[in-house]
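The values are calculated or read from the model by the stated rules, or taken from the named source; none is laboratory data. These numbers come from a predicted model, not from an experiment. Cβ placement follows ideal geometry from the backbone for every residue including glycine, while neighbour counts extend to all protein chains displayed. To get the accessible areas, we keep the full protein, side chains included, count just its heavy atoms, and leave off ligands, DNA and RNA. Shrake-Rupley method; radii C 1.70, N 1.55, O 1.52, S 1.80 Å.
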Amino acid sequence: MSNHGQAAWELLLPAVGAPARRRGRALQEALREAVRSGRLVAGTRLPSTRELAADLGVSRGLVTEAYEQLTAEGYLRSDRGAGTWVGEAARAAVRGGHDLAPGTSRVQVDFRPGTPDLSLFPRAGWAAAQRAVLARLPHPALGYPDPRGLPELRETLAGMLTRRRGVVADPERLVVCSGVAQASSLLGFVLRARGLDAVGIEDPGSPEHGRLFASTGLDTLWLPLDEEGLRTEPLAASGVRAVVVTPSHQFPSGISWSAERRAELLGWARAVDGYVLEDDYDGDFRYDRAPVGALQGLDPERVVYAGSVSKSLAPGLRLGWMLVPEALLGEVVERKRTMDLGNPVLDQAVLAEFVARGGYDRQLRRCQRAYRERRDTLLAALSEYLPGTRVSGIAAGLHVIARVPAVFGPPERFLARAAEAGVALRPLEEYGTARPTDGDVRLVIGYAHLAPSAVTTGIRMAAEAVGRG
């Protein structure tokens, strides 16, 4: 037996043990993988079909078929009268399933905002809704959906949003999407196609808005806030005709826009023939009174309303919605169609069933109780371990703004010491252009995803690490 034959025999021997009906395919797969991985290097001459068949104890036709198939695919090359060789085209793929999800390595207590308590996900209720959907969903419903979303989900969401958030919700103008992130991208592409070149974002605000609109070709301009909301004069002077806002519970400052400022924003939009994207990211979570209704209810032809289940159920579901003004609807729907042909049908049907059964309302009540308790725990811990800390913003949402006295600073030292102790915190400066000059440490503290005991422990650990400047 030649050296080449011995090498091929060793690499391909496991394929011979496959059942007879799969042996030919197994032989092709083994030979293909040997070339792809580099174990059979480019330029290697393979044994003749007769020789390899004898070595492996299989029919010559099986080997001939394998050689012909891999020659057609480019893994092998065959020179008439000169044998079969390993081709030059194949390269090994980079292997490894790396997890690119946000990590928290070396973090013992993570106060970074934006994540709900995923252990509260209603597994039993969701599973029951899923079983009901699989039992009744007709076969044709599993085809390509309306790019706006399943009619039953749009109708269910429209009713729920009208009742809970005070929006004007026509199911025909509701588009199911993969969260507020996709809603922002869809709107960005449509506005860019209409000739807009920039969009305004709140300062402070979510940097993610800027990144999303930048991916659609739009520049972003930071626009300053005061205690009532977006300041109208800089907005008017900016020249933009579109702006992203969080008026019910501004992120991250925590304020609720005044009625006057809401009216001024809508007056600006009408005057410049512009649009407002309302990101209602946590509008259902208010702990001291009923939530303020959405801005969209005041002018559904100027406000694009977007929300999702990322804070109420889980961000991994990638389910959200947007209510679109009539003038933009056709362009948004066409962009959604070309982007992904619509969201997964089963997920949409399950959410519709879950909402219709009352599961969503029960989930919101459960989360509100848990998050209110954790917010109270956080305020008590700040008062005990970092005395003099002031918390601003309304009693709502999944985070607070905490202004820690300068005696515990300076800010760089505070954050570095806390990080060394395993406590992850984010300064307010990461969310806008303003920089403090008084030495106080301004923090955006997320608490919803932490058990009350972890909230207290984390603040105590940070306080012990920083001491007093």
Query - Residue-level accessible surface for V355, protein heavy atoms, 1.4 Å, Å² - result: 20 Å²
Report task. Would you tell me the accessible area of H209, worked out with a 1.4 angstrom probe on the heavy atoms of the protein chains, in Å² to the nearest 10? Result -> 20 Å²
Report task. Working from the alpha-carbon coordinates of the range 375-445, get Rg over Rh, Rh being the Kirkwood radius. Result -> 0.94
Report task. Please identify every one of the GluC sites (Glu not before Pro) in the range 174-263 that sits in a loop by DSSP and has no more than 14 other beta carbons within 10 Å of its own beta carbon. Result -> E227
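For the range 417-469, with every protein chain kept in place, what is the accessible area per residue (1.4 Å probe, Å²)? Spell out each step's value before the answer.
Working: 2200 Å² over 53 residues.
Normalised by residue count, the accessible surface of the range 417-469 is 41 Å².
At 1.4 Å probe size, put Y287, Y144, Y371 in order of accessible surface, largest to smallest. Could you put the intermediate results ahead of the total?
On the way: Y287 30, Y144 195, Y371 0 Å².
Sorted by accessible area, descending: Y144, Y287, Y371.
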Report task. Kindly sort W126, W321 by accessible area of their heavy atoms, largest first, with the probe set to 1.4 Å. Result -> W126, W321
Query raised in the report: How many angstrom separate the Cα center of the range 300-348 from the Cα center of the range 196-272?
Result: 21 Å
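Taking Rh as the Kirkwood radius computed over C-alpha pairs, what is the Stokes-Einstein D of the range 104-191 at 4 °C in a medium of viscosity 1.567 mPa s, expressed in µm² per second? Before the final figure, lay out the partial values.
Working: Rh = 16.5 Å.
The estimated diffusion coefficient comes to 78 µm²/s.
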Query - Per residue accessible area of the range 117-258, 1.4 Å probe, in Å² - result: 42 Å²
Report summary line: Order by accessible surface, 1.4 Å probe, largest leading, for residues E331, E326 comes to E326, E331
Requested in this report: For the range 286-365, evaluate the Debye formula with one uniform point scatterer on each Cα (no solvent term) and list log10 I(q)/I(0) at q = 0.12, 0.23 Å⁻¹, rounded to two decimals.
Outcome: -0.47, -1.26
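Scan the chain and note any complete DSSP helix (H) whose C-alpha atoms cover at least 15 Å along its axis and whose Kyte-Doolittle average is 0.0 or more.
In the chain, the long hydrophobic H runs are 3-16, 123-136, 179-193, 345-356, 452-466.
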Query raised in the report: Taking all protein chains as present, what is the carbon and sulfur share of the accessible area of the chain, in % to the nearest whole number, probe 1.4 Å?
Result: 51 percent
Query raised in the report: If you take the Cα Rg of the range 115-159 and divide it by 2.2 N^0.38 Å, with N the number of residues, what do you get?
Result: 1.45
Query raised in the report: Across the Cα atoms of the range 312-403, what radius of gyration and what greatest pairwise Cα-Cα distance (Dmax) are found, in Å?
Result: 19.6, 55
Query raised in the report: In square angstrom, rounded to the nearest 10, how much accessible surface does L221 have for a 1.4 Å probe?
Result: 60 Å²
Query raised in the report: Mind checking the log10 I(q)/I(0) for the chain at q = 0.08, 0.13 Å⁻¹? Debye, one equal scatterer per Cα, no solvent, two decimals.
Result: -0.64, -1.10
Query raised in the report: Amide H of A169: which non-local residues (sequence gap of 5 or more, or other chain) have their own amide H closer than 5 Å, using H built in the peptide plane?
Result: none
